[in-house]
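Worksheet: the structure to be examined is printed underneath.
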Amino acid sequence: MLLLVLFIINFILGAIFADDISSVLMPALKKAMLDGNVTSIDALNIMIHNETAAFITFIASIFFAVYALIAISLNAFVIGFMAGYTVKSTSGLIMFLALIVPHGIIEIPAFFCSCTSGILLFLFIFRVFKDKIQKNTFSEAYKNNRKTIKHALILFAMAVLLFAVAALIEGFITPQIGNIISQQMGGPALF
């Protein structure tokens, strides 16, 4: 629930402040897109990027789960920013939805799975050490908390699978939808 609240708040903040920060954030996003660091038509690059982000989120969250909270907040802010920046007209809204919804409907839940798995990993480590301090052996501490690590690994595996599917959609389907919508609105092919 905390991740969802953070996502919604940061999405709204990104949308509200889009005009105020566009001069700073848009050049960085455009550079990242040109460098292939954020998105690309190449599904393999997207998949590698997303899977790497999921792994880093999972591992880095052992430090009090802070990384997962920051990651969900930043991603929601950027999505909100892009929504606020592009959705100034009906055609902008349609293009935003066409370029986000096809893969985002899978990618955003994958991101939640990734962040939740990182938080569970932190909780597992914390609880094992807590049990150990309470005079349990590591074996007993692990046994007491093995469901938590099992759930963390299952969620991480789900995130990996969902990110792979989302990358295929983003690489092959989203560009086609974007082109169709753009051309239907009298614009050029985007990709």
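The values are calculated or read from the model by the stated rules, or taken from the named source; none is laboratory data. What you are looking at is a predicted structure, and each value in this text was computed from that prediction instead of being measured. Quick reminder, even Gly has a Cβ in these numbers, built from the backbone with ideal geometry, and neighbours come from all protein chains shown. Accessible surface is based on the protein model in full, side chains and every heavy atom, while ligands, DNA and RNA are left aside. Shrake-Rupley method; radii C 1.70, N 1.55, O 1.52, S 1.80 Å.
Identify all residues within segment 140-191 that are open to solvent by 80 Å² or more (accessible area, probe 1.4 Å), closer than 22 Å to PHE55 by Cβ and within 23 Å of the chain's Cα centre (by Cα); write none if there are none.
Of everything in segment 140-191, those that are open to solvent by 80 Å² or more (accessible area, probe 1.4 Å), closer than 22 Å to PHE55 by Cβ and within 23 Å of the chain's Cα centre (by Cα) turn out to be LYS150, HIS151, LEU153, ILE154, MET158, LEU161, LEU168.
If a residue has to be surrounded by fewer than 15 Cβ atoms within 10 Å (Cβ to Cβ) and either touching a Cys at 6+ places or on another chain (Cβ under 9 Å) or charged (D, E, K, R) (or both) to count, how many in segment 61-94 make the cut?
Of the residues in segment 61-94, 1 are surrounded by fewer than 15 Cβ atoms within 10 Å (Cβ to Cβ) and either touching a Cys at 6+ places or on another chain (Cβ under 9 Å) or charged (D, E, K, R) (or both).
Assuming ALA152 fulfils every condition listed in (1) in contact with a Gly (Cβ under 9 Å, 6 or more places away or on another chain); (2) more than 30 Å from ILE56 (Cα to Cα); (3) modelled with pLDDT of 90 or more apart from one, which condition is it?
Unmet for ALA152, out of (1) in contact with a Gly (Cβ under 9 Å, 6 or more places away or on another chain); (2) more than 30 Å from ILE56 (Cα to Cα); (3) modelled with pLDDT of 90 or more: (2).
Name the residues in segment 88-99 that are within 25 Å of ALA167 (Cβ to Cβ) and either in contact (Cβ under 8 Å) with a residue 60 or more places away in the chain or among the basic types (Lys, Arg) (or both), would you?
ILE94, MET95, ALA98, LEU99
Is it true that some residue in segment 9-27 is modelled with pLDDT of 90 or more, aromatic (Phe, Trp, Tyr) and either closer than 27 Å to GLN176 by Cα or not in a helix (DSSP H, G or I) (or both)?
Yes, because at least one residue in segment 9-27 is modelled with pLDDT of 90 or more, aromatic (Phe, Trp, Tyr) and either closer than 27 Å to GLN176 by Cα or not in a helix (DSSP H, G or I) (or both).
Consider GLY104 carefully, then state whether it is within 24 Å of MET47 (Cβ to Cβ) and in contact (Cβ under 8 Å) with a residue 40 or more places away in the chain.
Values: within 24 Å of MET47 (Cβ to Cβ): yes; in contact (Cβ under 8 Å) with a residue 40 or more places away in the chain: yes.
Criteria met by GLY104.
Within the set of pairs 6+ apart or on separate chains, which have a first residue in segment 155-168 that is modelled with pLDDT of 95 or more, a second that is open to solvent by 20 Å² or more (accessible area, probe 1.4 Å) and not in a helix (DSSP H, G or I), and C-beta atoms under 9 Å apart?
The qualifying pairs do not exist here.
Only one of (1) among the charged types (D, E, K, R); (2) under 18 Å from LEU4 (Cα atoms); (3) in contact with a His (Cβ under 9 Å, 6 or more places away or on another chain) fails for GLU170. Which number is that?
Going through (1) among the charged types (D, E, K, R); (2) under 18 Å from LEU4 (Cα atoms); (3) in contact with a His (Cβ under 9 Å, 6 or more places away or on another chain) one by one, GLU170 breaks only (2).
Which residue, of ILE56, ILE108, is at pLDDT 90 or above and within 17 Å of GLU170 (Cβ to Cβ)?
After applying the criteria, what remains is ILE108.
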